[in-house]
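The values are calculated or read from the model by the stated rules, or taken from the named source; none is laboratory data. In this text, all values refer to a predicted model and were calculated from it rather than measured experimentally. Every residue, glycine among them, receives a Cβ derived from its backbone with ideal geometry; neighbour counts consider all protein chains shown.
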Amino acid sequence: MSESMQLRRSMLFVPGHNAAMLATAHIYKPDTIMFDLEDSVALREKDTTRLMVFHALQNPLYKDIETTVRVNPLYTPYGHKDIEAVVRAGVDVVRLPMVSTVEQVLEGDRLITEIEQSCGRVVGSTKLMAAIESAAGIANVFEIAKCCPRLMGIALAAEDYVTDLKTTRSASGEELFLARSRIVVAARAAGIACYDAVHSDVNDEEGFITQARLAKQMGFDGKSLVNPRQIDLLHGVYAPTEDEVDHAITIVEAATEAANRGIGVVSLNGKMVDGPIITRAERTIALARACGMKVEL
Ligand SMILES: CC(=O)SCCNC(=O)CCNC(=O)[C@H](O)C(C)(C)COP(=O)(O)OP(=O)(O)OC[C@H]1O[C@@H](n2cnc3c(N)ncnc32)[C@H](O)[C@@H]1OP(=O)(O)O
Ligand SMILES: O=C([O-])CC(=O)C(=O)O
Ligand SMILES: [Mg+2]
């Protein structure tokens, strides 16, 4: 594991038509800012919003933070124009919503390639993310996750997903278990990132933390967020504790010593330490360092 692992814990939605939020969103320091052109924007504001986001992307304020834009689906009158504008403006990641099939991702990939070529950007430099928001998308998620090298991640979009299932979101999140499980396994099998769903009740801190812990434990890299107040809560959940870091250091030290003595498996306080346990300990240390914790090893 590289020591400079890229953090993908928090992806903050910023409604693209809100000039004040466009100007200030960077100060909250999520890992990724996600300007929205889709559901938070009224139909009559689609064209002006696209222009506002085109300019925001080129603002030096956003040069040191990963930028994502959620475009409109390509089957709407806005999707093509959105992708054209944001790729030309140099967005890092295009998030394609309502993805149910491999063909939808490949259509987005082809379009981005054409635009990169026509504006002199390196082909493949604009990344793509697919938001899965339907039962069909979850059914196809293994094929979707591995369908093109440009796809850097998949995200669960739970509001549309539960609507498609004809249910609602509960505090326990049991209606999301299958979708979450399939998304994490598909992402890991394809070697890409995965994001858990938004928690829409921004005043429900306790519920947010419970769901964030669950997402982390299931293996998600992070969550999509709707409010800046959720950023520190999420980063707190993802930061390893001092005890976890100390334990990881002990494991890595014991493993290094064993390797020096030519032994593959050792016992630490009665618990076996071998390959996968060492890999997890190394990941904890890399995550701690990426989160800004000082780790002496
Ligand atoms: C299902 C889906 O499709 S989700 C994706 C689409 N939805 C969105 O993008 C919604 C994004 N979120 C928001 O618009 C808002 O957070 C709301 C409407 C949910 C809540 O709004 P509020 O109750 O006003 O939030 P709150 O009181 O916490 O705002 C505090 C500050 O944060 C700012 N802020 C709130 N949300 C955001 C955001 N997403 N991005 C940037 N700034 C924000 C507010 O402008 C306010 O700034 P100020 O103190 O300078 O006035
Ligand atoms: O993409 C997201 O995270 C939010 C969304 O559209 C949904 O939940 O339907
Ligand atoms: Mg949606």
Inset, instruction - Please name all residue pairs, on different chains or six or more residues apart, with Cβ atoms under 8 Å, provided the first residue is in the range 121-148 and is of a type in the set (Ser, Thr, Tyr) and the second residue is at pLDDT 95 or above and within 16 Å of ligand 2 (Cβ to nearest atom). - result: Thr126/Val93; Thr126/Val94; Ser134/Met98; Ser134/Ser100; Ser134/Asp160; Ser134/Tyr161; Ser134/Asp164
Inset, instruction - Output yes when any residue across the range 171-184 is more than 16 Å from ligand 1 (Cβ to nearest atom), of a type in the set (Ser, Thr, Tyr) and either under 24 Å from Asp92 (Cβ atoms) or in a helix (DSSP H, G or I) (or both), and no when none is. - result: yes
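Among the residues of the range 266-290, which ones are farther than 16 Å from Gln6 by Cα and either part of a helix (DSSP H, G or I) or of a type in the set (S, T, N, Q) (or both)? First the steps, then the outcome.
The first filter runs over the range 266-290 and keeps only residues farther than 16 Å from Gln6 by Cα, leaving 266-281.
Ser267, Asn269, Gly275, Pro276, Ile277, Ile278, Thr279, Arg280, Ala281 - these are the residues of the range 266-290 that are farther than 16 Å from Gln6 by Cα and either part of a helix (DSSP H, G or I) or of a type in the set (S, T, N, Q) (or both).
Per-residue answers, yes or no, for (1) exposed (fewer than 12 other Cβ atoms within 10 Å of the Cβ); (2) in contact (Cβ under 8 Å) with a residue 40 or more places away in the chain; (3) among the β-branched types (Val, Ile, Thr); (4) within 30 Å of Pro97 (Cβ to Cβ):
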{"residue": "His199", "(1), (2), (3), (4)": "no, no, no, yes"}
{"residue": "Gly219", "(1), (2), (3), (4)": "no, no, no, yes"}
{"residue": "Ile231", "(1), (2), (3), (4)": "no, yes, yes, yes"}
{"residue": "Val237", "(1), (2), (3), (4)": "no, no, yes, yes"}
{"residue": "Glu253", "(1), (2), (3), (4)": "no, yes, no, no"}
{"residue": "Met272", "(1), (2), (3), (4)": "yes, no, no, no"}
{"residue": "Ile278", "(1), (2), (3), (4)": "no, no, yes, no"}
{"residue": "Ala290", "(1), (2), (3), (4)": "no, yes, no, yes"}
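Do any helices (runs of 4 or more DSSP H) lying entirely in the range 98-167 carry at least 1 residues that are under 16 Å from the mean Cα position of the chain (by Cα) and over 17 Å from Lys81 (Cα atoms), and which ones are they?
Numbers: elements: 102-118, 135-139, 141-145, 158-165.
The helices (runs of 4 or more DSSP H) meeting that bar are 141-145, 158-165.
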Inset, instruction - Spot the failing condition for Ala248; the list is (1) in a loop (DSSP other than H, G, I, E, B); (2) crowded, with 19+ Cβ neighbours inside 10 Å; (3) among the hydrophobic types (A, V, I, L, M, F, W, C), and only one is missed. - result: (1)
